[in-house]
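Input: a single structure, listed below in structure tokens.
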Amino acid sequence: IISQSAKELGQETYVVGGFVRDFLLKRDSKKDIDFVTVGSGIELAEKVHSKITDASKLSVFKRFGTANFKWEGIDLEFVGARRESYAEDSRKPFVEDGSLEDDQKRRDFTINALAISLNEENYGELIDPFDGIGDLERKIIRTPLEPDVTYSDDPLRMMRAIRFAAQLGFEIEENSFQSIQKNASRIDIVSKERVMDEFQKIMMTEKPSTGLKLLDDAGLMQFILPELVALRGVEEVEGQTHKDNFYHTLEVVDNIAPNTENIWLRWAALLHDIGKAPTKRYDKKIGWTFHSHEFVGSKMVFKLFKRLKLPLGHPLKFVQKIVLLSSRPIALVDENVTDAALRRLLFDAGEDFDDLITLCKADITTKNERKQRRFKQNFSL
Ligand code: CTP
């Protein structure tokens, strides 16, 4: 139908972007398909829409020159091929009509710039001016233009590069990564919601430490979650050291990931030691201590959720509570724990008890076998 409609309008039309990438990678089929047409995207959408009886209402965005509708649960998105240029301080592009190649050039990565023709003369042909296919095979994230241009045009793409690397198990090309390091501070011009959308996708990957570590190495983490960066490093006083709480945190998030798809429990793992940087001190008698870091940490969670525009309802309370309680079962591995203490913990955690235990299991590093045994005994009640 789309091909026929495009022909009637005399407009070259292609499938482009994420759908083509995921199709070639044999990933789960996407729920949205982008069509680019050399001419009016809105007119093409209107024509296609008029030929389909069971489609949802057509939404038209005149200002952006786009239109979309849903059909059988799939979002079909139409846009006219365009050339874009950007002002220094904004993600809003200045847009002009362009050719297919102009449109492919304005895209973020070579693997997202692949197009499949819907035109009669070369139907099904793959149009790949930047060797996106090669990059899919080599598992590389690379920009079609100079990385500095692509990232500074739209700094959200720095997050997207890391998100795709983490989701797909790809590497970010060296030049690209250096450019992200150079442009990291420009992430500030992107709205918190969009940055956090990408961050959440990283949190939901199989091994979140891959993306989190990349965010740190790229210098982006310090603009998003400086509290986490503050956990990095080991200090030594009088020959005594403490563990690197940044790497420990990444380990705990990885440990919990296979056991929960609950994003907020993963966040609790990410933030469970967040109060350790401001409470750290060295005491001559007891050595390194992080006394009351749980209380400080749960207050920090509140500020952080507000700043990052994360939902302040149930997820905030859940994360705060788990952060606050998470160090207590660790105390319960102590030989001297009483039944009363255990009952008290059950009571405090309430219906979130199982989630708390999931976190605590992830938090006990495999190195200390005695502690682990003790913990298992206590919690197979
Ligand atoms: N795109 C871009 N720059 C962005 C966002 C998107 O160039 N900051 C382009 C890419 O070509 C991308 C397409 O727009 O493939 C569609 O974007 P989107 O739906 O956000 O992402 P997908 O690549 O489809 O991937 P996902 O659905 O996993 O987010």
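Here is how the numbers come out for the structure above:
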{"quantity": "Residue within segment 177-197 that is out of contact with any Phe, Trp or Tyr (no Cβ under 6 Å at 6 or more places or on another chain), basic (K, R) and within 24 Å of E251 (Cα to Cα) present", "calculated": "no"}
{"quantity": "Residues that are more than 21 Å from the chain's Cα centre (by Cα) and part of a helix (DSSP H, G or I), drawn from segment 209-250", "calculated": "N245"}
{"quantity": "Residues that are outside any helix (DSSP H, G or I), among the basic types (K, R) and farther than 18 Å from F23 by Cα, drawn from segment 127-182", "calculated": "R142"}
{"quantity": "Out of S152, S176, sole residue that is surrounded by fewer than 19 Cβ atoms within 10 Å (Cβ to Cβ), more than 17 Å from the chain's Cα centre (by Cα) and of a type in the set (S, T, Y)", "calculated": "S152"}
{"quantity": "Candidates R107, R163, R138, R157, filtered to the one that is over 17 Å from the mean Cα position of the chain (by Cα), at negative phi and surrounded by 20 or more Cβ atoms within 10 Å (Cβ to Cβ)", "calculated": "R107"}
{"quantity": "Number of positions in segment 1-57 that are of a type in the set (D, E), within 16 Å of the ligand (Cβ to nearest atom) and part of a helix (DSSP H, G or I)", "calculated": "1"}
{"quantity": "Pair list, Cβ under 8 Å, 6 or more apart: segment 129-146 residue farther than 16 Å from F164 by Cβ and β-branched (V, I, T), other residue surrounded by fewer than 14 Cβ atoms within 10 Å (Cβ to Cβ) and at pLDDT below 95", "calculated": "none"}
{"quantity": "Only listed residue being within 13 Å of the ligand (Cβ to nearest atom), within 23 Å of L145 (Cα to Cα) and surrounded by fewer than 19 Cβ atoms within 10 Å (Cβ to Cβ), chosen from E101, E96, E84", "calculated": "E84"}
{"quantity": "Filter result for the condition that a residue is touching a Pro at 6+ places or on another chain (Cβ under 6 Å) and of a type outside the set (A, V, I, L, M), over E84, E96, E88, E77", "calculated": "E84"}
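The values are calculated or read from the model by the stated rules, or taken from the named source; none is laboratory data. For clarity, every value in this text was computed on a predicted model and none was experimentally measured. Heads up, the Cβs are rebuilt from the backbone with ideal geometry, glycines too, and the neighbour counts pull from every protein chain shown.
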